[in-house]
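The values are calculated or read from the model by the stated rules, or taken from the named source; none is laboratory data. The model shown is predicted, which means the values in this text are computed figures rather than measured ones. Cβ placement follows ideal geometry from the backbone for every residue including glycine, while neighbour counts extend to all protein chains displayed. Areas reflect the complete protein model, heavy atoms only, side chains present, ligands, DNA and RNA absent. Shrake-Rupley method; radii C 1.70, N 1.55, O 1.52, S 1.80 Å.
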Amino acid sequence: MNKQVNVYEPHEWKHSTIVAGVEWKNPVGTASGTFQYDACHWFYDVSQMGAVTTKGVSPVPWEGNPGPRTTESPSGTVNSVGLQNPGVDHYLVDELPKLKKEGATVITNVAGHCDDDYAEVVAKLADCPADMLEINVSCPNVTHGGMSVGTDPVALNRLITRLRHITSKPLIVKLTPNVTDIVSIAKAAVDGGADALSMINTLVGMRIDIRTGEPILANRTGGVSGPAVLPVGLSFVWRVRQALPDIPIIGIGGIDSGEKALEYLYAGANAVEVGAAALYEPTAPMRVARELDDLLDSRPQLAAKLAAGQTWR
Amino acid sequence: MNKQVNVYEPHEWKHSTIVAGVEWKNPVGTASGTFQYDACHWFYDVSQMGAVTTKGVSPVPWEGNPGPRTTESPSGTVNSVGLQNPGVDHYLVDELPKLKKEGATVITNVAGHCDDDYAEVVAKLADCPADMLEINVSCPNVTHGGMSVGTDPVALNRLITRLRHITSKPLIVKLTPNVTDIVSIAKAAVDGGADALSMINTLVGMRIDIRTGEPILANRTGGVSGPAVLPVGLSFVWRVRQALPDIPIIGIGGIDSGEKALEYLYAGANAVEVGAAALYEPTAPMRVARELDDLLDSRPQLAAKLAAGQTWR
Amino acid sequence: MANATFIPTFDVTAEASRAGRFPGRRTVPVVDNRRLSDGIYRLTFRDSYIAGHAKPAQFVDVYSADPTRLMPRPFGVSEVEGDDVSLIFAVVGKGTEEFSHLAAGDTVDVMGPLGKGFDMKAPANYVLVAGGLGVPPLLYAAQKLALRDDATATAAFGYRDERFADDLVAKYAERVESITNAQGNVVDLLNSIEDSLIHGDLPPVILSCGPMPMMRAVASWALARGIPCQLSLEARMGCGYGTCYVCVVDTAAGRQKVCVAGPVFTPEQLGWDK
Amino acid sequence: MANATFIPTFDVTAEASRAGRFPGRRTVPVVDNRRLSDGIYRLTFRDSYIAGHAKPAQFVDVYSADPTRLMPRPFGVSEVEGDDVSLIFAVVGKGTEEFSHLAAGDTVDVMGPLGKGFDMKAPANYVLVAGGLGVPPLLYAAQKLALRDDATATAAFGYRDERFADDLVAKYAERVESITNAQGNVVDLLNSIEDSLIHGDLPPVILSCGPMPMMRAVASWALARGIPCQLSLEARMGCGYGTCYVCVVDTAAGRQKVCVAGPVFTPEQLGWDK
Ligand SMILES: Cc1cc2nc3c(=O)[nH]c(=O)nc-3n(C[C@H](O)[C@H](O)[C@H](O)COP(=O)(O)OP(=O)(O)OC[C@H]3O[C@@H](n4cnc5c(N)ncnc54)[C@H](O)[C@@H]3O)c2cc1C
Ligand SMILES: Cc1cc2nc3c(=O)[nH]c(=O)nc-3n(C[C@H](O)[C@H](O)[C@H](O)COP(=O)(O)OP(=O)(O)OC[C@H]3O[C@@H](n4cnc5c(N)ncnc54)[C@H](O)[C@@H]3O)c2cc1C
Ligand SMILES: Cc1cc2nc3c(=O)[nH]c(=O)nc-3n(C[C@H](O)[C@H](O)[C@H](O)COP(=O)(O)O)c2cc1C
Ligand SMILES: Cc1cc2nc3c(=O)[nH]c(=O)nc-3n(C[C@H](O)[C@H](O)[C@H](O)COP(=O)(O)O)c2cc1C
Ligand code: FES
Ligand code: FES
């Protein structure tokens, strides 16, 4: 069993990683939609994460879906936020400067209803101090854009090709698990010029209130995440890694411990992100990073590969 | 909270259902691959289930995948049995007669590597005393047949059309959640002549042993089931019910209580099946049936619809 | 059983304070848990940080010990004595059912205080209008007001049936009025005391918490009379600390997070004055 | 904490027996749990059904109290005293780590006895060959043999380091031989006692349990000498009672379920004689 780490103590990171040319202090980032500077910086020094991924930003403010927006499921959570965010302009003057002032490595998650939306946001971000851009083509909670692009290799390839011409920043494409054939979609993203892939976004799911017989979420369905999705996320990373030996992959889904992060690294991820765990334990991303840093001590081969930007597989 | 039911006490069922013309004593069946007469009849009277679904049978005995064939995940289990079974001939002389002698309502789950396999099994079952056939086009653990048919509407439609000509028994098509667009697949099955649909089969998943860095399952990936998949199963039933108001649906995935079974009925299922829960609590299917029977007392409208072969939605 | 995966064994509050951080989720001792009425309990736990910082209408995230139930359950602070913090909750689902079985000697996981409290700076006669389980923040407001010379508290509580909090609030409030569903609603109650409120020594300020339809009725009652009003809202939450955008309410300024922009809003902020 | 979802509060064994059924999963009291050596524990619980029915090499499914860990953990019965059933287990993962913290007064969920036991009908000198955590079924075999006039028990135990079961088995076996990894393996041990086995009063029958490579070595040692041999195997299980086809081993008759066709197999059944 792990020795318990005190997340509030300062720590010298022993094991870094490189994702698409960007050095992370450690292989653990925060997942988009579960991290906001204003909320999280009270709990830990955000600059000490491998990277922080901010909430999906759209060209204009989005109000998202009506509430209720969450329900619980066994070892999981189902959300239907629908990408509410104050828009890219606000992001550029508010959240990003704060994060950069603290010295964080920042991944900006980009949302859109259509190709033009994504292009507009990416263009606005082209000269900003964000370290990487993560293109969210996998949100199950918006009717247009979001998951619809991420389930169609042709549409995805077209979008990424277009974005590739707009920015020289490392482009991560975030994939949805709600597809028949993840490999063809991953290839389409890479062929379009993606520098890295991240997976998984949430699985489509729902709960029903047995007192009323009606869905709990106003949006009826939402996205499932949390420990329940761990084995699914691992299998996606594994399958894409088998098919694409060289593309950097960020593993996401159900990570709430250093041990689970380590599973993703062994499955072929170069780094991981912690999502839902931060909702019920605000310091979870930092704890996971610290636990993993210790677990890697006894795995020098894996640690060396990560530090060199390579993967285990 | 529910009053606890004593599963060993005899019980008069109060609420029945009808699935594709077949009356079930209650809306709860066992799920394929988690029920064997020889194992389960020690624990409860199998004739008292709404229906029992037997393990997938193939034209000849199949030896399945090498072991280890299971690993655990948060609130779930991952299996890679790979449809090991002694073949349809053995089934017809061994398991089916035992079940029929006890008076069980039997759903025979049918497996195949190719269309000819399915056709051969269905032909052999055409005159047998099974009440319904469930065509498993959704097993993630076999390389050919299984999930590959269940992810392709054209192939599925062709298969079901062919099987429809071979048998007059009610045909249930069991669908996989590992697809981009469940509605087109459900429609393909119904257009081919399916009398009912059942969903979900398992989600592709895996775990890795952090001591070795290798997948725990010999087959590397397997199928995830158990409480973790509950919200996913519900959303599949809901989405198919919205698209196909009339087709009977059997809801499966993560059911371990009467309350969860009830959620499926409210989502639009005519009946449910209990799978993984039987692995760690042999009497779970009977307990779920009993709990649901009590919960339906206070829901006369829903109960009446089920008894008439209709659904809530 | 505290969930083994994430519960620190060190003193979270001490370590966080040393590091200049807000203390995260922590395991605290249960001091008392008692049934107030049918399905309604008062849970008391010991946490010096919440006890020392909580303002009325701030809330505490309470976590299930069952690791299949991960989401926080938010509850308003209802009273503070020394380091002991009390919550009052109704059993409505699995989490509250579990909490109803907690007993002195057990532990429970909590985080807080969270959200913005009522604005109680002004000298005033605070009219505490509660409906059902809206009692806790108002009870705590009464407790705080009892310490002041420049303000008074008038409780106006509406109950479904049993008057489970009249005794509790009587310890602190100058005046306690209450009504049950069978007798009428809190607006009836407000009407019956309207005169005395308007002609009292101190100007009335309404603080209210309860079901949405009641809050709307209270807000329009107050707006019609030009009485300042603050409403503590509820919304399903994902985190309780502002990181997930789950808990929104529609306001005049768009959809806002109840957990950090609220839970207290004025009718004006909510656009209910239009 | 017994998992609230499925734990019956009625007497499962009594109700099942009345209905003519095999008792399913049930919650039983822990009577004792003690550390035998580094990471090795002996857990004793009270269950009259298992105590009354278990045969050596039969096993018990033990379930975690953590509802995120659902799968059964199978363990061979190691001793029975009255209604008390003992298991000996090594801490290898999350479930066994949890079980190591059980103490008298706690409860634990179990089901059993499961599987087929050793065939010990023949009068013989049973040579109990254990490797590592293969000890439990053989200890129980020794306990059963101690009651017989027509059979004797010779323990031949191989340990990684600490000889944690020599004392325990010495209570029952006529003869106890053991060896640690540093000294050699069980085949060395068998070689050293071969003469006395072959020239003993009773014909030797080997019962063995341990890691796969050891079982293969023991089997070929026995086959080479024409000594009957029974091996108790391990496999990851999904259910433990034959319903899931998870726990298979390759045998001469194809892949068979360890949990119901076994866990005991002869080398011949396994095709190891070819
Ligand atoms: C700011 C705030 C303060 C609150 N203060 C109190 C209080 O003082 N006393 C009190 O009795 N109740 C209060 N509530 C409501 C309380 O949070 C819910 O009754 C409780 O979370 C239900 O939990 P459960 O596990 O029993 O329900 P379940 O239905 O099992 O819970 C499932 C999930 O839904 C959420 N949920 C269910 N109902 C509600 C609800 N009405 N509001 C918010 N989330 C819900 C739960 O938190 C959980 O995440 C407050 C809510 C908010 C937002
Ligand atoms: C018939 C039989 C009898 C056994 N008897 C004993 C015994 O007497 N003493 C003893 O110490 N061990 C015995 N084992 C092995 C024991 O079951 C495992 O060590 C135990 O299940 C590990 O659980 P865990 O939660 O600590 O491991 P985890 O790795 O956390 O468990 C995860 C899952 O994998 C399964 N698993 C992990 N390792 C094994 C394994 N080696 N064999 C089977 N399943 C495994 C677990 O049961 C669980 O379902 C026996 C196994 C079998 C099949
Ligand atoms: C409340 C919530 C909001 C989310 N919002 C976004 C988002 O804006 N963009 C995105 O790419 N993913 C979003 N996600 C998905 C997560 O980033 C992550 O991919 C998913 O939750 C799986 O990881 P987990 O199991 O660790 O939560 C969101 C998830 C949650 C729970
Ligand atoms: C061990 C195991 C074996 C299974 N074998 C089959 C099978 O042969 N045919 C089939 O259609 N589904 C099979 N399934 C899938 C289940 O029938 C069910 O669809 C799935 O497990 C989801 O339900 P659950 O969450 O209740 O387990 C199997 C599931 C498990 C756990
Ligand atoms: S609950 Fe997460 S932002 Fe309010
Ligand atoms: S463990 Fe299920 S059949 Fe053996």
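Whole angstrom only: what separates the Cα centroid of the range A:207-270 from the Cα centroid of the range B:185-240?
14 Å
When the dipole is taken about the Cα centre of the protein assembly as shown, and only Lys, Arg (+1) and Asp, Glu (-1) are charged at their Cβ, what size is it in debye, to the nearest 20?
The dipole magnitude comes to about 1460 debye.
Separation between the A:HIS165 and D:ALA253 pseudo-spin-labels, each 7 Å from Cα along Cα→Cβ, expressed in nm?
7.0 nm
Using alpha carbon centroids, what distance separates the range C:55-124 and the range B:117-180, in Å?
52 Å
May I ask you to evaluate 6.51 cos²θ - 1.76 cosθ + 1.60, the Karplus curve with θ = phi - 60°, for each residue of the range B:199-208 and list the ³J(HN,Hα) values in order in whole Hz, giving x for glycine and proline?
6, 10, 7, 7, 8, 5, x, 7, 9, 10
For the A and B pair, go ahead and give the buried accessible area with a 1.4 Å probe, both sides summed, in Å² to 100.
Answer for the A-B pair: about 3300 Å² buried.
Put a label point 7 Å from Cα along the Cβ direction on A:HIS165, then list its distances to the equivalent points in the other copies in nm, shortest first.
Sorted ascending, the copy-to-copy spacings read 5.1 nm.
What Kirkwood Rh does the protein assembly as shown have if only Cα atoms enter the pairwise 1/r average? Answer in Å.
Working: mean 1/r = 0.0314 Å⁻¹.
Final number for the Kirkwood radius of the protein assembly as shown is 31.9 Å.
With all protein chains present, how much of the accessible area of the range D:9-114 (probe radius 1.4 Å) comes from carbon and sulfur, to the nearest whole percent? Display every interim value, and only then the final one.
Values: 1770 of 3750 Å².
Roughly 47 percent of what the probe reaches on the range D:9-114 is carbon or sulfur.
Once the Cβ-Cβ distance between B:GLU12 and B:ALA243 is put in as r, and R0 is 56 Å, what FRET efficiency do you end up with, to the nearest 0.05?
Once the sixth-power term is evaluated, E becomes 0.90.
5 Å is the cut-off here: which amide hydrogens, built 1.01 Å from N in the peptide plane, fall below it relative to C:ASP106, excluding neighbours closer than 5 in sequence?
Residues meeting the amide H criterion: C:VAL30.
For the pair C:PHE10 and B:ASP209, what calculated FRET efficiency results from E = 1/(1 + (r/R0)^6), where r is the Cβ-Cβ distance and R0 = 30 Å, to the nearest 0.05? Walk me through the numbers on the way to the answer.
Details: r = 30 Å, r/R0 = 1.00.
That gives a FRET efficiency of 0.50.
At 1.4 Å probe radius, can you tell me the per residue accessible area of the range A:173-252 in Å²?
With all protein chains present, the range A:173-252 gives 25 Å² per residue.
Is there a pair in C:LYS55/C:LYS121; A:LYS260/D:LYS94; A:LYS14/A:LYS174 whose C-alpha atoms are over 21 Å apart, and which pairs would that be?
On the way: C:LYS55/C:LYS121 12 Å; A:LYS260/D:LYS94 13 Å; A:LYS14/A:LYS174 28 Å.
Going by Cα-Cα distance, A:LYS14/A:LYS174 fall outside the 21 Å limit.
Using each residue's phi in the range A:242-249, evaluate 6.51 cos²θ - 1.76 cosθ + 1.60 at θ = phi - 60° and report the 3J(HN,Hα) Karplus result to the nearest Hz, with x for Gly and Pro.
Calculated HN-Hα couplings, in order: 4, 7, 10, x, 10, 6, x, 10 Hz.
In peptide A:254-263, how many Cβ atoms from other protein chains are near each Cβ within 10 Å, on average?
Mean partner shielding for this stretch: 3.
List the residues of the range D:13-34 that lose 30 Å² or more of accessible area once all protein chains are present, compared with their chain alone (1.4 Å probe, heavy atoms only, no ligands or nucleic acids).
D:GLU15, D:ARG21, D:PHE22, D:ARG25
May I ask for the Rg/Rh ratio of chain D, computed from Cα atoms with Rh as the Kirkwood radius, given to two decimals? Display every interim value, and only then the final one.
On the way: Rg = 18.3 Å, Rh = 19.0 Å.
Across chain D, the Cα-based Rg/Rh ratio is 0.96.
Skip the ligands, DNA and RNA, and give the accessible area per residue of chain C with a 1.4 Å probe, whole Å².
Per-residue value: 39 Å².
Describe numerically, in nm with one decimal, the distance between label points set 7 Å from Cα along Cα→Cβ at B:ARG313 and at C:ALA224.
With each label point 7 Å from Cα toward Cβ, the separation is 4.3 nm.
Name the residues of the range A:49-76 whose accessible area falls by at least 30 Å² when all protein chains are present instead of the chain alone, probe 1.4 Å?
Hits at the 30 Å² cut-off: A:GLU63, A:ARG69, A:THR70, A:GLU72, A:PRO74, A:SER75.
Under the convention of a label 7 Å out along Cα→Cβ, give the distances in nm from C:ASP167 to the same position in every other copy, shortest first.
Reported distances to equivalent positions: 5.7 nm.
Amide H of C:LEU270 versus every other amide H placed in the peptide plane: which residues, excluding those fewer than 5 positions away on the same chain, fall under 5 Å?
Sorted by chain and number, the residues that satisfy this are C:ALA252.
Put +1 on the Cβ of each Lys and Arg and -1 on the Cβ of each Asp and Glu in the range C:1-99; which of C:PRO72, C:PHE45, C:THR9 then has its Cα farthest toward the positive end of the dipole?
Farthest towards the positive end: C:PRO72.
If you roll a 1.4 Å probe over the heavy atoms of the protein chains, what accessible area per residue do you get for the range A:3-161, in Å²?
For the range A:3-161, the per-residue accessible area is 33 Å².
How big is the range B:17-307 by Rg and Dmax over its Cα atoms, in Å?
Both quantities, over Cα of the range B:17-307: 17.4, 55 Å.
Calculated from DSSP H runs of 4 or more alone, at -39500 (n - 2.57) each and per residue, what is the 222 nm mean residue ellipticity of chain D, nearest 500?
Calculated at 222 nm, the ellipticity per residue is -6500 deg cm²/dmol.
Out of residues 5 or more away from D:VAL248 or on other chains, whose amide H comes under 5 Å of its own, with H placed 1.01 Å from N in the peptide plane?
D:VAL258
Taking the Cα centre as origin and putting +1 on Lys and Arg beta-carbons and -1 on Asp and Glu beta-carbons, what dipole magnitude results for the range B:73-122, to the nearest 20 debye?
Dipole magnitude for the range B:73-122 comes out near 340 debye.
For the modelled label position 7 Å from the Cα of D:ASN181 along Cα-to-Cβ, which residues of the range D:101-143 have backbone nitrogen atoms closer than 15 Å?
Of the residues in the range D:101-143, D:131-134 have backbone N under 15 Å from the label point off D:ASN181.
Shape verdict for the range C:124-231, please, from the Cα gyration tensor: rounded (a/c under 1.5), prolate (a/b greater than b/c) or oblate.
Values: a/c = 1.55, a/b = 1.10, b/c = 1.41.
Here the range C:124-231 falls in the oblate category.
Quick one: 3J(HN,Hα) in Hz for the range D:33-48, Karplus 6.51/-1.76/1.60 with θ = phi - 60°, rounded, Gly and Pro as x.
8, 9, 7, 8, 6, 4, x, 10, 10, 10, 9, 10, 10, 9, 7, 5
Using only DSSP helix segments of four residues or longer, with each worth -39500 (n - 2.57), what per-residue ellipticity at 222 nm results for chain B after dividing by its residue count and rounding to 500? Can you show the working numbers first?
On the way: 12 runs with 107 residues, N = 313.
Using -39500 (n - 2.57) per qualifying helix, the result is -9500 deg cm²/dmol.
Mind listing the label-point distances from C:LYS121 to the same position on all other copies, shortest first, one decimal in nm, points 7 Å along Cα→Cβ?
9.2
Which one, D:LEU138, D:SER192, D:LEU202, projects farthest toward the positive side of the charge dipole computed for the range D:124-231 from Cβ point charges (K/R +1, D/E -1)?
D:LEU138
Taking all protein chains as present, what is the carbon and sulfur share of the accessible area of chain B, in % to the nearest whole number, probe 1.4 Å?
51 percent
Calculate the dipole size of chain C relative to its Cα centre from +1 charges on Lys and Arg beta carbons and -1 charges on Asp and Glu beta carbons; express the result in debye to the nearest 20.
780 debye
What residues in the range A:282-313 lose 20 Å² or more of accessible surface when the other protein chains are added to their chain alone (1.4 Å probe)?
A:PRO282, A:ARG287, A:ARG299, A:ARG313
Between D and B, buried accessible area summed over both sides at probe 1.4 Å, in Å² to the nearest 100? Walk me through the intermediate numbers first.
Values: alone 12630 and 12820 Å², together 22010 Å².
Buried area between the two chains comes out at roughly 3400 Å².
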